[in-house]
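Structure, as structure tokens:
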Amino acid sequence: MTANDETAIRELVASWLAATKAGDIATVLDLMTDDVVFLVAGEAPFGKAEFAAAAEKMQGVTFEAMTSEIREVEIAGHLAYLRSHIEMTVVPPSGTPVRRSGPTLTILRKGEDGRWRLARDANLLTVRR
């Protein structure tokens with residue numbers, strides 16, 4: 001693991017959070033591989049196209065108090081994983097905030113262009129009361 005790779009991965013996470021908060025779907029999509037797979041409790045695995053379609057349906061939804069505490073990063077060649085804990089408050093157009101938090105396990109792949117991108121993501125966020 002090089003310090004540059006770990007820094008790039010931490011910057012990817014920060015960019016993902018900032019783009020999500022800003023509603024910048026194009027930037028979020030650019031941070032993932034074309035063959036990305038998301039694993040979310042209660043849902044079938046889905047890819048980039050399904051992620052984009054779901055994001056488009058969330059127009060008017062805002063994300064507040066969004067944090068990701070990276071607890072572990074391991075890099076092996078062109079693959080890496082990171083384990084984190086995410087907390088966020090999702091505010092739909094109705095205005096009733098929903099707080100979600102939980103662990104994630106993410107696999108990243110370094111492309112031929114030298115950029116790290118999200119390739120697999122297991123998101124275990126649940127609603128908190």
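Looking at Val73, is it more than 18 Å from Ala19 (Cα to Cα), in contact with a Pro (Cβ under 8 Å, 6 or more places away or on another chain) and of a type outside the set (D, E, K, R)? Working first, answer last.
Numbers: more than 18 Å from Ala19 (Cα to Cα): yes; in contact with a Pro (Cβ under 8 Å, 6 or more places away or on another chain): no; of a type outside the set (D, E, K, R): yes.
Against the criterion (more than 18 Å from Ala19 (Cα to Cα), in contact with a Pro (Cβ under 8 Å, 6 or more places away or on another chain) and of a type outside the set (D, E, K, R)), Val73 does not qualify.
Residue-wise test of (1) of a type outside the set (A, V, I, L, M, F, W, C); (2) open to solvent by less than 40 Å² (accessible area, probe 1.4 Å); (3) assigned to a strand (DSSP E or B).
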| residue | (1), (2), (3) |
| --- | --- |
| Ser94 | yes, no, no |
| Gly102 | yes, yes, yes |
| Leu108 | no, yes, yes |
| Asp113 | yes, no, no |
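Please go through segment 49-71 and pick out each residue that is within 14 Å of Val13 (Cβ to Cβ) and open to solvent by less than 60 Å² (accessible area, probe 1.4 Å). Reasoning before the result, please.
Going through segment 49-71, the residues within 14 Å of Val13 (Cβ to Cβ) turn out to be 66-71.
Those that are within 14 Å of Val13 (Cβ to Cβ) and open to solvent by less than 60 Å² (accessible area, probe 1.4 Å): Met66, Ser68, Ile70.
Give the residues of segment 89-129 that are under 16 Å from Ser68 (Cβ atoms), without any contact (Cβ under 8 Å) to a residue 60 or more places away in the chain and more than 12 Å from the chain's Cα centre (by Cα), sorted by residue number.
Thr89, Val90, Arg99, Arg100, Ser101, Gly102, Arg128, listed by residue number.
Search segment 77-87 for residues being part of a strand (DSSP E or B) and within 16 Å of Gly111 (Cβ to Cβ), and hand back the single one that is nearest to the chain's Cα centre (by Cα). Steps first, answer last, please.
From segment 77-87, those part of a strand (DSSP E or B) are 79-87; that's our starting set.
Still in the list and also within 16 Å of Gly111 (Cβ to Cβ): 79-80.
Working: Leu79: 16, Ala80: 14 Å.
The extreme case among them is Ala80.
The values are calculated or read from the model by the stated rules, or taken from the named source; none is laboratory data. Everything numeric here is computed off the predicted structure, so don't read it as measured data. For neighbour counting, all protein chains shown are included, and Cβ atoms are generated from backbone atoms with ideal geometry for every residue, glycine included. The accessibility values were calculated without ligands, DNA or RNA, using every heavy atom of the protein model including side chains. Shrake-Rupley method; radii C 1.70, N 1.55, O 1.52, S 1.80 Å.
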